[in-house]
Amino acid sequence: MTWRLGDFTVGRIGFGAMRLPQVGAALDPKATPRQREQAMEVLRTAVELGVNHVDTAAFYFSATRSANELINSALSPYPEDLVIVTKVGPSRTPQGEWLPLATPRQLRGQVEENLRQLGKDRLDVVNLRTSGLDDISAHFEELAKLQQEGMIRHLGLSNVKPHHLDQAQRIAAVVCVQNSFGLGHHPEQDDFLGLCGERGVAYVPFFALAGANKEAGTSAEDDEVTEIAHHHNASPAQVRLAWTLARGPHVLVIPGTGDPAHLRQNIEAGDLELTPEELTRLDALHLNGG
């Protein structure tokens with residue numbers, strides 16, 4: 001069960017590093033830093049279990065932990081088939097406060113920061129994460145220049161709309177679109193997900209385990225998912241991941257966790273086959289927003 005990110009082949013279940021540096025709310029500067037050895041164990045276990053797609057960013061950090069540094073320390077020298085996808089655009093002060101979206105000229109510094117932290121000479125995939133921009137052309141053109149200079153292998157997009165994909169593809173190839181999506185979470189993304197499939201672009205949901213209200217589903221949704229999970233002797237999270245993967249062969253998932261047991265469950269979700277009737281039931285929940 002694989003898909004292509006440019007000339008890379010990755011498993012459709014990857015690992016998202018956003019939650020790795022801290023315990024509790026992600027990107028919260030007041031969150032408790034995760035124990036270093038635990039975080040590194042999760043990364044190494046993920047690779048041992050066959051994960052070869054890790055999603056990260058330089059702005060994923062807590063008071064004393066950096067996702068990029070943890071990845072470097074735990075996995076370097078990197079396996080030949082490991083694809084590390086990072087993103088640029090947003091940034092934070094060392095204290096964790098958010099800064100305005102980077103200007104096109106500032107993107108070079110962010111790319112260099114990721115190179116330093118990850119200990120790489122070239123980044124595998126860099127996603128431009130937008131934040132309120134209607135036209136991303138100038139930003140994407142800058143990343144395309146860095147790609148031509150050899151600092152980046154492939155380019156992608158994050159937190160975008162269909163017209164952003166149009167703008168980017170007029171400049172350079174786009175290998176992935178990373179947007180917030182899950183069962184009962186942003187059903188309006190369905191058409192965009194399909195468009196990406198038509199264009200051969202990977203669609204990579206973040207918050208694939210989120211429900212209609214992002215943190216958890218409504219009671220009705222949870223009951224339905226739990227019933228299906230019990231039928232398969234699986235967890236509700238595995239059902240959500242399996243449903244997401246069933247949306248198309250170009251759909252990848254990057255669930256994140258700091259718990260080795262949850263990590264194994266997430267990866268095993270790739271073996272869960274939902275019946276057509278179950279998918280229909282879940283599709284109806286999704287379209288109703290949970």
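With the structure loaded, tell me whether GLU268 is at pLDDT below 95, of a type outside the set (A, V, I, L, M, F, W, C) and part of a helix (DSSP H, G or I) or whether it fails that test.
Values: at pLDDT below 95: no; of a type outside the set (A, V, I, L, M, F, W, C): yes; part of a helix (DSSP H, G or I): yes.
So GLU268 fails the test.
Give the number of residues within the stretch 97-151 that are under 20 Å from HIS164 (Cα atoms) and small (Gly, Ala, Ser).
6
For (1) touching a residue at least 60 places away in the same chain (Cβ under 8 Å); (2) under 21 Å from the mean Cα position of the chain (by Cα), each residue gets a yes or a no:
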{"residue": "GLY256", "(1), (2)": "yes, yes"}
{"residue": "ARG264", "(1), (2)": "yes, yes"}
{"residue": "ASP271", "(1), (2)": "no, yes"}
{"residue": "THR275", "(1), (2)": "no, no"}
{"residue": "GLY289", "(1), (2)": "yes, no"}
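Is one or more of the residues making up the stretch 222-238 in a helix (DSSP H, G or I) and touching a strand residue (DSSP E or B) at 6+ places or on another chain (Cβ under 8 Å)?
no
Could you tell me which numbered condition ALA25 fails, if it satisfies all but one of (1) within 27 Å of ALA261 (Cα to Cα); (2) surrounded by 14 or more Cβ atoms within 10 Å (Cβ to Cβ)?
Failing condition for ALA25: (2).
Pick from PRO255, PRO249: which is surrounded by fewer than 16 Cβ atoms within 10 Å (Cβ to Cβ) and either of a type in the set (Phe, Trp, Tyr) or touching a strand residue (DSSP E or B) at 6+ places or on another chain (Cβ under 9 Å) (or both)?
Exactly one of PRO255, PRO249 is surrounded by fewer than 16 Cβ atoms within 10 Å (Cβ to Cβ) and either of a type in the set (Phe, Trp, Tyr) or touching a strand residue (DSSP E or B) at 6+ places or on another chain (Cβ under 9 Å) (or both), namely PRO249.
Sort out which residues of the stretch 116-131 are in a loop (DSSP other than H, G, I, E, B) and either over 21 Å from LEU5 (Cα atoms) or touching a residue at least 12 places away in the same chain (Cβ under 8 Å) (or both), and write them in order of number.
Of everything in the stretch 116-131, those that are in a loop (DSSP other than H, G, I, E, B) and either over 21 Å from LEU5 (Cα atoms) or touching a residue at least 12 places away in the same chain (Cβ under 8 Å) (or both) turn out to be GLY119, LYS120, ARG122, THR130, SER131.
Answer yes or no as to whether ARG92 is in contact with a helix residue (DSSP H, G or I) (Cβ under 6 Å, 6 or more places away or on another chain) and modelled with pLDDT of 95 or more.
Judged against the criteria, ARG92 is not a match.
If you scan the stretch 265-287, which residues turn out to be within 16 Å of VAL253 (Cα to Cα) and either of a type in the set (Gly, Ala, Ser) or in contact with a Pro (Cβ under 8 Å, 6 or more places away or on another chain) (or both)?
ASN266, ALA269, GLY270
Per-residue answers, yes or no, for (1) surrounded by fewer than 17 Cβ atoms within 10 Å (Cβ to Cβ); (2) modelled with pLDDT of 95 or more; (3) among the β-branched types (Val, Ile, Thr):
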{"site": "HIS53", "(1), (2), (3)": "no, yes, no"}
{"site": "TYR60", "(1), (2), (3)": "no, yes, no"}
{"site": "ALA74", "(1), (2), (3)": "no, yes, no"}
{"site": "VAL88", "(1), (2), (3)": "no, yes, yes"}
{"site": "ARG105", "(1), (2), (3)": "yes, yes, no"}
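Do you know which residues across the stretch 13-25 are over 10 Å from ILE254 (Cβ atoms) and in contact with a Gly (Cβ under 8 Å, 6 or more places away or on another chain)?
ARG19, LEU20, VAL23
Do we find that LEU20 is surrounded by fewer than 17 Cβ atoms within 10 Å (Cβ to Cβ) and in contact (Cβ under 8 Å) with a residue 40 or more places away in the chain in this structure?
no
From (1) surrounded by 14 or more Cβ atoms within 10 Å (Cβ to Cβ); (2) of a type in the set (S, T, N, Q); (3) closer than 27 Å to ARG247 by Cα, pick out the condition that doesn't hold for THR9.
Evaluating THR9 over (1) surrounded by 14 or more Cβ atoms within 10 Å (Cβ to Cβ); (2) of a type in the set (S, T, N, Q); (3) closer than 27 Å to ARG247 by Cα leaves (1) as the failure.
Being more than 16 Å from the chain's Cα centre (by Cα) and either crowded, with 18+ Cβ neighbours inside 10 Å or modelled with pLDDT of 95 or more (or both) is the requirement here; does PRO205 meet it?
Answer is no for this residue.
From GLU215, GLU277, grab the single residue that is over 26 Å from ASP124 (Cβ atoms), at pLDDT below 95 and surrounded by fewer than 16 Cβ atoms within 10 Å (Cβ to Cβ).
Working: GLU277 fails: at pLDDT below 95.
That would be GLU215, the only listed residue that is over 26 Å from ASP124 (Cβ atoms), at pLDDT below 95 and surrounded by fewer than 16 Cβ atoms within 10 Å (Cβ to Cβ).
The values are calculated or read from the model by the stated rules, or taken from the named source; none is laboratory data. A quick note: this is a predicted structure, and the numbers were derived from the prediction, not measured. Counting neighbours? That spans all protein chains shown, and the Cβs are built from the backbone with ideal geometry, glycine included.
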